[in-house]
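One structure below.
The values are calculated or read from the model by the stated rules, or taken from the named source; none is laboratory data. It should be emphasised that the depicted structure is a prediction, and the values quoted were computed from it without experimental measurement. Note: ideal-geometry Cβ built from the backbone for every residue, glycine included; neighbour counts use all protein chains shown. To get the accessible areas, we keep the full protein, side chains included, count just its heavy atoms, and leave off ligands, DNA and RNA. Shrake-Rupley method; radii C 1.70, N 1.55, O 1.52, S 1.80 Å.
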Amino acid sequence: MSNKTHLRQTMLDLAEGRLRFAEQTYAQYLVGAAGRGDEPSESDAASRAVNNAALAQAFECPIHDHQEALEVLRQIDFGPRDSVETGAVVRIDGRWFVIAVASDAFQCDGNTYMGISTQAPIYAAIANARAGDVVSFRQRELHIEEVL
């Protein structure tokens, strides 16, 4: 089990990296969308503008999602927990989860973790559980082994 302070910092670093990547990708797209000046007619330009607007929105949504996740992580208290709630680190059936924001699996201090948001369906099943509890999720029993 990792130190929760280091675990939090790892999650912040990963979230900041995802945000930077999304922003850089969007900036590169905008440079390309500006056009070269040697492109065809107005009707083609109008069609491209509509497509560009849809693509720009597709780029902006992940940026906003990453910004929101980063802000949530910055505000969470990662202090010790006795039950599953925001800021808890939980081992369920041998796997570690961090109750904070949704994330892909990541490594920290030699362990693999995955972030779970409080909006995730699994959170509803494990909320307020304590070490030693068994909860049901999608017709499976989950063993809450540790809550930190």
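Which is surrounded by fewer than 18 Cβ atoms within 10 Å (Cβ to Cβ) and farther than 30 Å from residue 24 by Cβ, of 75, 107, 67, 139? Full working, then the answer.
Working: 75 fails: farther than 30 Å from residue 24 by Cβ; 107 fails: farther than 30 Å from residue 24 by Cβ; 67 fails: farther than 30 Å from residue 24 by Cβ.
From the options 75, 107, 67, 139, the qualifying one is 139.
For segment 129-148, name all the residues that are under 23 Å from the mean Cα position of the chain (by Cα), of a type in the set (D, E, K, R) and under 17 Å from residue 98 (Cα atoms). Across segment 129-148, the qualifying residue is only 146. Under the condition of being outside any helix (DSSP H, G or I) and modelled with pLDDT of 55 or more, the residues counted in segment 41-77 number 2. Consider segment 102-140. How many of its residues are aliphatic (A, V, I, L, M) and at positive phi? Here the count works out to 0.
In segment 78-104, what count of residues is obtained for those that are part of a strand (DSSP E or B) and open to solvent by 60 Å² or more (accessible area, probe 1.4 Å)?
Of the residues in segment 78-104, the ones part of a strand (DSSP E or B) are 83, 89-92, 95-100.
Still in the running and open to solvent by 60 Å² or more (accessible area, probe 1.4 Å): 91, 95.
Counting residues in segment 78-104 that are part of a strand (DSSP E or B) and open to solvent by 60 Å² or more (accessible area, probe 1.4 Å) gives 2.
Taken over segment 1-31, the criterion of being of a type in the set (Gly, Ala, Ser) and modelled with pLDDT under 70 is satisfied by 2 alone.
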